[in-house]
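See below for the structure under consideration.
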Amino acid sequence: MTERIPARWYFDIVSPFAYLHLKRFGELHPALDVEFVPVLFAGLLKHWDNKGPAELAPKRLHTYRSCVWTAAQHGIPFRMPPRHPFNPLHGQRLLVALGAPRAAVDAAFDFVFGEGRDLAAEWPLFCERLGVDAGQAATLTGDPAVKQKLADNTAAAAAQGVFGVPTLALRGQNFWGSDTIAWANAFVDNPRMFDSGEMRRAAAIEIGAARKEAG
């Protein structure tokens, strides 16, 4: 029997890169047993005092164009929603409340980036796609335990070094970005990848200069 290797996939439905990553999960190493973990990208940015790609005007445009191009290269249906970034909070809470099964995660991302729909304006339809009505969703997303679970997921991810989405975590290492599937697969086959050679040296490089704090 093939060894099953647990992995966690940290995601936020605000991320088009997470959508592109998810659509290529068929390329993941077959030994991986992936758990889907909703987090708040904004919470990770706050923790690391960082800005998201959509917060810098030229990077925002580059990001959207890059996603359109990448999707086309891989034959992935892709359409940006009418407004981005948007507030994914209720969507993430609903996924937490439902236990973030693969089918619900797929449905959520397909709604936002496969069809380019507006999460806020079409919330009842979004809920329907995830198998609940808007009334049920209001009860689920308003549950203090659900709210806390999403906050805890985000804090735990940050504590484990997760700084962005999507991130695939396995064997104590984080693989960030939609373009790291081959790298993660290679690590599955070679668990000592980071223990020798230039990989080991890269982890010990000293900081030669640091940007001064403003003020």
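None of the figures in this text is laboratory data; all of them are computed from the coordinates on show. Here the structure is a predicted model, which is why all the values come from computation and not from measurement. As a convention, Cβ positions derive from the backbone with ideal geometry for all residues, glycine included, and neighbour counts pool all protein chains shown.
So which residues in region 1-14 are of a type outside the set (Ser, Thr, Tyr), in contact (Cβ under 8 Å) with a residue 12 or more places away in the chain and either crowded, with 24+ Cβ neighbours inside 10 Å or not in a strand (DSSP E or B) (or both)?
Result: 3, 4, 9, 11, 12, 13, 14.
State which residue is surrounded by the most Cβ atoms within 10 Å (Cβ to Cβ) when the search covers only region 113-142 and only residues that are among the aliphatic types (A, V, I, L, M) and farther than 18 Å from residue 40 by Cα.
137
Need the failing condition index for residue 126 against (1) part of a loop (DSSP other than H, G, I, E, B); (2) more than 17 Å from the chain's Cα centre (by Cα); (3) of a type in the set (Phe, Trp, Tyr), just the number.
Of everything listed in (1) part of a loop (DSSP other than H, G, I, E, B); (2) more than 17 Å from the chain's Cα centre (by Cα); (3) of a type in the set (Phe, Trp, Tyr), residue 126 misses just condition (1).
Name the single residue that is nearest to residue 154 (Cα to Cα) among those in region 92-134 being touching a residue at least 60 places away in the same chain (Cβ under 8 Å) and among the small types (Gly, Ala, Ser).
My answer is 100.
How many of the residues in region 183-215 are part of a helix (DSSP H, G or I), free of Cβ contacts under 8 Å to residues at least 12 places away in the same chain and surrounded by fewer than 11 Cβ atoms within 10 Å (Cβ to Cβ)? If you could, list the steps in order and put the result at the bottom.
If we filter region 183-215 for residues that are part of a helix (DSSP H, G or I), which is where we start, we get 183-189, 193-195, 197-202.
Filter once more, so that each one left must be free of Cβ contacts under 8 Å to residues at least 12 places away in the same chain: 183, 186, 193, 195, 197-202.
With the extra rule that they be surrounded by fewer than 11 Cβ atoms within 10 Å (Cβ to Cβ), the set shrinks to 195, 197-198, 201-202.
Residues flagged as part of a helix (DSSP H, G or I), free of Cβ contacts under 8 Å to residues at least 12 places away in the same chain and surrounded by fewer than 11 Cβ atoms within 10 Å (Cβ to Cβ) within region 183-215 amount to 5.
Restrict the check to region 159-171 and report whether at least one residue is in a helix (DSSP H, G or I) and either surrounded by fewer than 21 Cβ atoms within 10 Å (Cβ to Cβ) or of a type in the set (S, T, N, Q) (or both).
Yes: one or more hits.
Out of region 25-65, which residues are touching a Leu at 6+ places or on another chain (Cβ under 6 Å) and either among the polar types (S, T, N, Q) or farther than 16 Å from residue 156 by Cβ (or both)?
Once the filter is applied, which keeps residues that are touching a Leu at 6+ places or on another chain (Cβ under 6 Å) and either among the polar types (S, T, N, Q) or farther than 16 Å from residue 156 by Cβ (or both), region 25-65 yields only 52.
Of all residues in region 141-178, how many are without any contact (Cβ under 8 Å) to a residue 60 or more places away in the chain and under 13 Å from the mean Cα position of the chain (by Cα)?
Number satisfying all stated conditions: 3.
Yes/no per residue for (1) free of Cβ contacts under 8 Å to residues at least 60 places away in the same chain; (2) more than 26 Å from residue 161 (Cα to Cα); (3) small (Gly, Ala, Ser):
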{"site": "38", "(1), (2), (3)": "no, no, no"}
{"site": "43", "(1), (2), (3)": "no, no, yes"}
{"site": "48", "(1), (2), (3)": "no, no, no"}
{"site": "53", "(1), (2), (3)": "yes, no, no"}
{"site": "58", "(1), (2), (3)": "yes, yes, no"}
{"site": "63", "(1), (2), (3)": "yes, no, no"}
{"site": "71", "(1), (2), (3)": "yes, yes, yes"}
{"site": "76", "(1), (2), (3)": "yes, yes, no"}
{"site": "79", "(1), (2), (3)": "yes, yes, no"}
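Conditions: (1) in contact with a His (Cβ under 7 Å, 6 or more places away or on another chain); (2) under 21 Å from residue 7 (Cβ atoms). Residue 141 meets all but one. Number of the miss?
Only one criterion in (1) in contact with a His (Cβ under 7 Å, 6 or more places away or on another chain); (2) under 21 Å from residue 7 (Cβ atoms) is unmet by residue 141, namely (2).
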